[in-house]
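See below for the structure under consideration.
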Amino acid sequence: MESQSELPQAMEGVLQTPNYATKATNTEISPLLRVPLEVLLLISSYLTTQEYGVLRRVCRQLELSLFKEFSSEFFTKRSFMLTEHSLSTLVDISKSRLSTSVAYLTISLKHPSPSYHGPIGTTVPTDSEAGIRSNYLRQEIMDHQALINSGYDLELLTEAFQNLPSLQTVSLRDFDSTGRNRDGSGVWRPYGAPTISIKTGYNVEAPRYARGIDIGFSQGANYVSRTFLTVLRALGNTKGPNTPPRLEAILRKCHLPEVAFYIPPRLEPVILPVLKDLTTIFLELGPSSLTGRIVTNMEYCSGFQLTAFLSRTTSLEHLRLNFRDCVEDESNSLFKWLTQSPESRVDSQVDIPEGTIMVSVFPQIPAAPSLPRLEQLDIGMATIELRTLVNLVKRFRSSLRRISLHKVTLHDPTAKSCRINIWAKLINQLCKSNLQLSAINFSFLKQVNRRHVYHVSFLEDHQNPDNRSLTKEWAGKDFQRNSKDLIESMFVAWPGTNGEGDELSSDSESFDDDGEVEIDLDEDVDDDPEDDI
């Protein structure tokens, strides 16, 4: 049984029908039941989770009155990890009246593992309680390893997915979600994690890796890949309309390595239909996601497995690509691949006679999907060339309505001057592309001019230049008409101004057709890339 501190994650009073008192002899209705529901919900919002559980078990009528808000607060979005106890609880929820409430399911990468805690059991505990904690942790580690080695985690996930009719999103995360208002904790931990912490003194942790590792021999990367593949297989085993259309990998301490995108031929009948039907996919990419392979024409294709994976996602309406710890050369090939239509790709290929070693030995680069229904494109933490970004947006202009760029660094090798607002050039070129945009989100932008990095902010009030924001959101129906205001709000921190930058003139004559500002550069500044937030 879970500890009381983990309620409502504990199943007491949740899956089972509350143990109401025996039939009362006094038929008088309690004054509590006469309270209007809105007032009752307001009162219950001040209770701790444990107190809220007690209130629900007072009587059947009160429990029924609170059930809708209770299930919405605690079960619309749930988090579990790959332990038998955690996944078995998910299966129990899927078989209960709470099954219709679960819309967003997080599979946490956190798990009990000796890799993150150092040697266990190498010294004799000094007291009995320490010995109990050590044994409990060792048992949790062995149970977790047995679960994934036997494939029982796949069986449990499949059973749960098949019984969650309202499930819309499956998310892979390596951090705890915020938004929990009760008890002052502020976060939703994966089910089972608080109990392990209390009984062992250790917190379950997720893999951590970035650059400088041999990804093929990284235990953490292998676990991330296996979990991602297990989720895809479980989704593929879910027959019928219950297959969620949204798949998200939102990671902060690691990324999806190349092997995560490899689909063995024997699993293609199970996984490819899932990829084909996805309408939304979020991918957290890194250096090991974009390792290459020699393909036909003796070209080096960076991210070959990733391109093969994305080529199968033909029904996407929302695509998000985050690039953690990547240099431009690593992400640039993926962006250029996405900009290529099948026609341009055929024109650029060299004609190689069939049957030659090039065809029989080296694989072909898969064609980028046309994505005729793509409405939203999100790019994060990438350095990208202006021309490539413009071509990428134009590729999907027939359907694209929303663009989000987060911590993106833009550069333009064709720029003739140091003090050119490259982001203004981007806006101007998008205006000429006949886009039907309805929303743009910018956050923590930078640009590179002659190997120096300059931060971009946005004026909130033109009368007060110090009132600036690192984020800018626009939503409307006429992007072309509002583009001038968007450009004029941009504030580039040029050198030689005590770090304050030069405000872009509101005079439209200050910009040419490409949004260039011709100002001589007086002095240079050192690169100072903004830390990841």
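The values are calculated or read from the model by the stated rules, or taken from the named source; none is laboratory data. Not measured: the values here are computed from a predicted model. Glycine gets a Cβ as well: all are built from the backbone with ideal geometry, and neighbour counts include every protein chain shown. Accessible surface is based on the protein model in full, side chains and every heavy atom, while ligands, DNA and RNA are left aside. Shrake-Rupley method; radii C 1.70, N 1.55, O 1.52, S 1.80 Å.
Among the residues of this structure, LEU235 counts as one that is farther than 26 Å from PRO287 by Cβ, part of a helix (DSSP H, G or I) and in contact with a strand residue (DSSP E or B) (Cβ under 9 Å, 6 or more places away or on another chain). In region 181-199, the count of residues that are touching a helix residue (DSSP H, G or I) at 6+ places or on another chain (Cβ under 9 Å), within 21 Å of LEU272 (Cα to Cα) and of a type outside the set (Asp, Glu) is zero.
With respect to the conditions (1) closer than 21 Å to PHE228 by Cα; (2) open to solvent by 10 Å² or more (accessible area, probe 1.4 Å); (3) under 22 Å from the mean Cα position of the chain (by Cα), THR106 lacks only one, and its number is (2). For region 319-361, taking the residues that are open to solvent by 50 Å² or more (accessible area, probe 1.4 Å) and hydrophobic (A, V, I, L, M, F, W, C), the one that is modelled with the highest pLDDT is identified as VAL327. On inspection, ILE281 fails the criterion of being within 27 Å of PRO372 (Cβ to Cβ), more than 18 Å from the chain's Cα centre (by Cα) and β-branched (Val, Ile, Thr). Remark: LEU334 matches the filter, which requires a residue to be closer than 16 Å to LEU392 by Cβ and in contact with a Gly (Cβ under 7 Å, 6 or more places away or on another chain).
Residues that are in contact (Cβ under 8 Å) with a residue 40 or more places away in the chain and hydroxyl-bearing (Ser, Thr, Tyr) within region 153-195 comprise THR158, SER166, THR169, SER171, SER177, TYR191, THR195, listed in sequence order.
Every condition in (1) touching a strand residue (DSSP E or B) at 6+ places or on another chain (Cβ under 9 Å); (2) crowded, with 16+ Cβ neighbours inside 10 Å is met by ARG252 except one, and the failing one is (2).
Just one of the listed residues (PRO287, PRO244) is under 20 Å from THR383 (Cα atoms), of a type outside the set (D, E, K, R) and buried (at least 20 other Cβ atoms within 10 Å of the Cβ), namely PRO287.
Condition first: surrounded by 20 or more Cβ atoms within 10 Å (Cβ to Cβ), under 21 Å from GLN219 (Cα atoms) and hydroxyl-bearing (Ser, Thr, Tyr). Can you find one or more residues in region 299-311 that meet it? No, the conditions are met nowhere in region 299-311.
Evaluate the following for HIS406: is it under 26 Å from the mean Cα position of the chain (by Cα), of a type outside the set (Val, Ile, Thr) and over 24 Å from SER341 (Cβ atoms)?
Values: under 26 Å from the mean Cα position of the chain (by Cα): yes; of a type outside the set (Val, Ile, Thr): yes; over 24 Å from SER341 (Cβ atoms): yes.
Judged against the criteria, HIS406 is a match.
If you check ASP143, ASP183, ASP127 for being surrounded by fewer than 20 Cβ atoms within 10 Å (Cβ to Cβ), at positive phi and not aromatic (Phe, Trp, Tyr), only one passes: ASP183. Going through region 432-483 one residue at a time, which ones are open to solvent by 50 Å² or more (accessible area, probe 1.4 Å), in contact with a Phe, Trp or Tyr (Cβ under 6 Å, 6 or more places away or on another chain) and part of a strand (DSSP E or B)? ARG468, LYS472, listed by residue number. Of the residues in region 256-276, not one is buried (at least 20 other Cβ atoms within 10 Å of the Cβ), acidic (Asp, Glu), in a strand (DSSP E or B) and at pLDDT 90 or above. Out of VAL456, VAL448, one residue alone is within 30 Å of ARG293 (Cβ to Cβ) and within 29 Å of the chain's Cα centre (by Cα). It is VAL448. There is no residue in region 30-47 that is closer than 27 Å to ARG173 by Cα and open to solvent by less than 50 Å² (accessible area, probe 1.4 Å). Against the test of being open to solvent by 10 Å² or more (accessible area, probe 1.4 Å) and in a helix (DSSP H, G or I), the options ARG373, ARG387, ARG419 yield a single qualifying residue, ARG387.
Could you list, in sequence order, the residues of region 43-84 that are of a type in the set (Lys, Arg), under 32 Å from the mean Cα position of the chain (by Cα) and outside any helix (DSSP H, G or I)? Talk me through it step by step, then tell me what you get.
The initial filter retains those residues of region 43-84 that are of a type in the set (Lys, Arg), namely 56-57, 60, 68, 77-78.
Now restrict to residues that are under 32 Å from the mean Cα position of the chain (by Cα): 68, 77-78.
Selection gives LYS77, ARG78.
Check region 452-461 and report whether any residue there is in contact (Cβ under 8 Å) with a residue 40 or more places away in the chain and touching a Pro at 6+ places or on another chain (Cβ under 7 Å). Among the residues of region 452-461, at least one is in contact (Cβ under 8 Å) with a residue 40 or more places away in the chain and touching a Pro at 6+ places or on another chain (Cβ under 7 Å), which makes the answer yes.
Would you check if SER438 is within 29 Å of SER341 (Cα to Cα), touching a Pro at 6+ places or on another chain (Cβ under 8 Å) and polar (S, T, N, Q)?
no
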